[in-house]
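Below is one structure, written out as structure tokens, with a few remarks after it.
The values are calculated or read from the model by the stated rules, or taken from the named source; none is laboratory data. Treat the numbers as computed from the prediction; the structure is a model and nothing was measured. So basically every Cβ, Gly included, is an ideal-geometry build from the backbone, and we count neighbours across all protein chains shown.
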Amino acid sequence: MVAEGGVPRPGLVIRPRTAVVWRLPPEARRFRTSIAPAGGARAAGISEVLVTVDDREVFRRQIDAAAVDPVAEGIPIEVDVAGGRRLGVTVGFVSASDSGCPVRFTSPVVEQ
């Protein structure tokens, strides 16, 4: 998720053991972003990303910093949020022996 010149693309970085909740506007239809380990080639560890709408799981994926190309576009997320009131994003540890890696959400947007 690195643009030309080694500069990270704009986005939101969430560290493991963090949960974020946003209110969705009534006209919201889709949540779209892409995810990858923050830190590029220096990133280490495995984290799990969970996306929920009104506490209902709509996306879950493990992110392994060692297995992801730091220049690639990342893993796309596109979920239906129509009728939802809360969008939740949680980044967590996969195991107690792994410190996990921060995850970059590139250009997150709620579409109407």
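Quick notes on this structure:
- Hey, Val58 within 10 Å of the chain's Cα centre (by Cα), under 13 Å from Ile77 (Cβ atoms), among the hydrophobic types (A, V, I, L, M, F, W, C) and part of a strand (DSSP E or B) or not: no
- Top-ranked residue in the stretch 77-112 [being modelled with pLDDT under 95 and among the polar types (S, T, N, Q); ranked as nearest to Ala36 (Cα to Cα)]: Thr106
- Contact map, the stretch 85-112: first residue closer than 11 Å to Leu12 by Cβ, second residue at pLDDT below 95 and of a type in the set (Asp, Glu), Cβ cut-off under 9 Å, separation 6 or more or different chains; pairs are Thr106/Glu73.
- Residue among Arg85, Arg60, Arg56 that is of a type outside the set (Val, Ile, Thr), over 15 Å from Val21 (Cα atoms) and out of contact with any helix residue (DSSP H, G or I) (no Cβ under 6 Å at 6 or more places or on another chain): Arg60
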